[in-house]
Amino acid sequence: MSLQASTSVPGIRRLAAAGEDQLQQLAELLIDCVEGGASVSFMQPLSMPKALAFWRRMAESAGRGERVLLVAEDAAGIVGTVQLVLEQPENQPHRADVAKMLVHRRARRRGWGEILMQAAEQAAREAGKTLLVLDTASGDAERLYVRCGWQRCGTIPGYALWPQGGPCDTTFFYRVLGD
């Protein structure tokens with residue numbers, strides 16, 4: 001396992017390679033969020049093998065430099081994560097996508113979401129990106145993104161499904177990064 005402190009945001013580390021313990025913690029985090037109703041591409045029930053397979057793919061992608069995988073840790077381990085997808089089409093070298101910003105239910109409303117977003121923006125600047133985009137189905141996340149200076153683009157009704165079934169609307173945001 002290799003955790004590199006390549007970010008100056010306190011409590012956040014860039015995961016350059018993932019060991020089994022980190023993969024397990026990330027899988028538990030994802031399962032917790034899906035069980036809590038987060039629309040993050042997975043349906044309930046999310047099995048541990050499926051969650052582990054997802055994080056293995058994401059860690060491999062981070063190892064190839066296609067994405068940045070950041071984790072938030074407290075004394076008990078990983079409490080949150082966010083990804084910065086660097087690999088974009090040829091005509092969009094200035095852009096990155098923010099993906100899978102997750103905070104464990106036990107650690108919510110403690111500032112981890114804002115700290116993760118600050119770290120993602122810093123990593124984007126370090127990678128030479130000037131435009132970030134993301135989408136969310138969460139009202140709490142929307143409020144966080146607005147507080148962090150993101151601009152709402154619009155909402156698409158019925159864009160995805162809630163993890164327990166039924167359509168959910170998705171709101172898109174962007175942020176132009178300054179110096």
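The values are calculated or read from the model by the stated rules, or taken from the named source; none is laboratory data. As the structure is a prediction and not an experimental result, all values here were calculated from the model. We place every Cβ from the backbone using ideal geometry, glycine too, and count neighbours over all the protein chains shown. With ligands, DNA and RNA removed, areas are computed over all heavy atoms of the protein, side chains included. Shrake-Rupley method; radii C 1.70, N 1.55, O 1.52, S 1.80 Å.
Among strands (runs of 3 or more DSSP E) entirely within region 1-80, having at least 1 residues that are buried (at least 18 other Cβ atoms within 10 Å of the Cβ) singles out 12-17, 67-74.
Could you tell me whether residue 128 is under 17 Å from the mean Cα position of the chain (by Cα) and among the small types (Gly, Ala, Ser)? The answer is no for residue 128.
Only one of the numbered conditions (1) under 28 Å from residue 167 (Cβ atoms); (2) within 16 Å of the chain's Cα centre (by Cα) is violated by residue 46, and that is (2). Scanning region 111-151 for residues being in contact with a helix residue (DSSP H, G or I) (Cβ under 7 Å, 6 or more places away or on another chain) and over 22 Å from residue 80 (Cβ atoms) gives a total of 0.
I'm trying to understand the selection: among the residues of region 90-106, which are more than 15 Å from the chain's Cα centre (by Cα) and either more than 20 Å from residue 34 (Cβ to Cβ) or open to solvent by less than 90 Å² (accessible area, probe 1.4 Å) (or both)? Correct list: 90, 91, 92, 93, 94, 95. Note on region 14-72: residues that are touching a Ser or Thr at 6+ places or on another chain (Cβ under 8 Å) and at pLDDT 95 or above amount to 10. State whether the residues of region 24-44 include one that is more than 27 Å from residue 143 (Cα to Cα), touching a helix residue (DSSP H, G or I) at 6+ places or on another chain (Cβ under 9 Å) and touching a residue at least 12 places away in the same chain (Cβ under 8 Å). Looking for residues that are more than 27 Å from residue 143 (Cα to Cα), touching a helix residue (DSSP H, G or I) at 6+ places or on another chain (Cβ under 9 Å) and touching a residue at least 12 places away in the same chain (Cβ under 8 Å), one finds at least one in region 24-44, hence yes.
Filtered by the rule that a residue be in a strand (DSSP E or B) and open to solvent by less than 70 Å² (accessible area, probe 1.4 Å), region 156-179 gives 158, 160, 168, 170, 171, 172, 173, 175. Residue under question is residue 144, and the condition is that it be among the hydrophobic types (A, V, I, L, M, F, W, C), surrounded by 21 or more Cβ atoms within 10 Å (Cβ to Cβ) and under 20 Å from residue 12 (Cα atoms); does it hold? No: the conditions fail for residue 144.
If you filter region 108-133 down to residues that are within 20 Å of residue 94 (Cβ to Cβ) and part of a loop (DSSP other than H, G, I, E, B), you find that the one that is most open to solvent (accessible area, probe 1.4 Å) is 130.
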